Amino acid sequence: MENSQKTPPTQAFLIEAAIMLHRYGTPSHRLERVMSRVANALDIHGEFLYTPTALVISLRARSGDEMTVVRRVDSGPVNVDKLIRFDQLLSRVDRLEIGTDVAMAELKRIDEATPLYRRPVYISACAVACAAVAVFFGGTPWEIAAAGLIGAFVAGIELLHEHWRWESGLLEPLAGVAAATSSLLVAAYVVPIDDRLVTLAGLIILIPGLRLTVALTELAVGHLSAGVARLSGALVSLATLVVGVFLVWRLLDRLHPQLGPRPLPEPYWQWIALALAPIAFAIVFRARWRQWPIISLVSTLGVLASWGIGPRFGIEVGSFFGALSVGCVSNLYARIRDIPALVSLTPGMLILVPGSFGYRSLSALWQHQTLEGVQFGFEMMLVGASLVGGLLVSNVVIPPKRIL
């Protein structure tokens, strides 16, 4: 591998661009395709091998000189705003409107830009998202409020983990312990609530349902190394999250309340939650307010398709048509506005992903309810596969104009 000081400017730009797309949540199949396209425009033959923890890049110029670069990088959460700006920059490079030296400087400015939303806004969005999920789970008004508070608490822990750079892998069990303890204390000493429902809703931001769906998509399109690595990481993250919860349940088992009749929220709460959840998830994924209407539209159509079809034909069929709706509308909007489909696709899919099934599967297995645990686990994989199928079919029905 050559020293970075000797790397030609064009190759250095391609390497840095791939790292940035990786860092801000681009799936492997999209990253490899867009970088190969930009490399060809710059008269470089590029091969890009992506996994969630590494990039292997091979670049060969027309002169015949070839270099191979290996980078150890971590795949971060999706940042919609920066992905849009990266996509616009790469499009200008692809059309040869700017040189790689100018593009490199702009790339670094985008990476170093201040966060789109301040921490209180992010924490508030996580609280609203968790409260909305509690509504979807059929929680009572007290459970909805508790889920929102615990969601804000978990978001605060996540930001502290990022700021203080705690050990990788510590966030999930710590958040599980904090959420389970908080919900049990509220149930025992404040108001009787279903602490398990509240714990699940309060942790929904950290449950890796989206990572699971992305992993299955990568496997379906033939990116086996990235798909297997991402799937393994998602399952391990889910396991460590649930272990933190179960440790609290075992240690504080005496605090579990005896619940009587539970007043269910009025039906209109579902519609309020459906209106607020997409905006909350848009903030979580750092999408600008201009993108909120399309994100709300895509998310609502996906959920309505799932709700309308699922009760009659099964949750798997409902998930398929929900993902198909999200994918088709996202691709159509991307073609009209000439922006990446990921802008509305990622927040829209988050509401549909089967993360809660994985949580319930491990919860049932921990309590020696083997058949129920296996059933939830199977449903998680089946729903995830249905979502992937819907997305792949949507790319055939309305092919995306942009690669991202």
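The values are calculated or read from the model by the stated rules, or taken from the named source; none is laboratory data. Please read these numbers as outputs of a predicted model, since none were measured by experiment. With ideal geometry, Cβ positions are generated from the backbone for all residues, glycine too; neighbour counts draw on all protein chains shown. The area values use the complete protein model at the heavy-atom level, side chains included, leaving out ligands, DNA and RNA. Shrake-Rupley method; radii C 1.70, N 1.55, O 1.52, S 1.80 Å.
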From the list SER232, SER168, SER182, SER225, which residue is polar (S, T, N, Q), open to solvent by 10 Å² or more (accessible area, probe 1.4 Å) and under 18 Å from VAL133 (Cα atoms)? SER182
Every residue from region 224-257 that is without any contact (Cβ under 8 Å) to a residue 40 or more places away in the chain and polar (S, T, N, Q): SER232
Subset of region 247-280 [within 24 Å of LEU365 (Cβ to Cβ) and either in a loop (DSSP other than H, G, I, E, B) or not aromatic (Phe, Trp, Tyr) (or both)]: LEU247, VAL248, ARG250, LEU251, LEU252, ASP253, ARG254, LEU255, HIS256, PRO257, LEU259
In region 373-385, anything touching a Pro at 6+ places or on another chain (Cβ under 9 Å) and either open to solvent by 20 Å² or more (accessible area, probe 1.4 Å) or of a type in the set (Gly, Ala, Ser) (or both) is listed as GLU379, MET381, LEU382, GLY384
Number of the condition not met by THR370 [criteria: (1) at pLDDT below 85; (2) hydroxyl-bearing (Ser, Thr, Tyr); (3) crowded, with 17+ Cβ neighbours inside 10 Å]: (3)
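Just wondering, is there one or more residues in region 316-327 that are at pLDDT below 90 and not hydrophobic (A, V, I, L, M, F, W, C)? Steps first, answer last, please.
As a first pass, look at region 316-327 and keep what is at pLDDT below 90: none.
No.
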Search result, residues across region 32-54 that are in a helix (DSSP H, G or I), open to solvent by less than 40 Å² (accessible area, probe 1.4 Å) and modelled with pLDDT under 90: GLU32
Considering LEU324, LEU301, which residue is more than 16 Å from the chain's Cα centre (by Cα), open to solvent by 60 Å² or more (accessible area, probe 1.4 Å) and closer than 21 Å to PRO400 by Cβ? LEU301
Pull out all pairs, ordered by first then second residue, where Cβ-Cβ is under 8 Å, the residues are six or more apart or on different chains, the first lies in region 89-101 and is in contact (Cβ under 8 Å) with a residue 12 or more places away in the chain, and the second is of a type in the set (Asp, Glu). LEU89/GLU106
Looking at region 110-129, is at least one residue in contact with a helix residue (DSSP H, G or I) (Cβ under 6 Å, 6 or more places away or on another chain), over 20 Å from VAL80 (Cβ atoms), in contact (Cβ under 8 Å) with a residue 24 or more places away in the chain and of a type outside the set (Gly, Ala, Ser)? no
Considering residues that are of a type in the set (Val, Ile, Thr) and closer than 12 Å to LEU392 by Cα, the number found within region 311-340 is 1
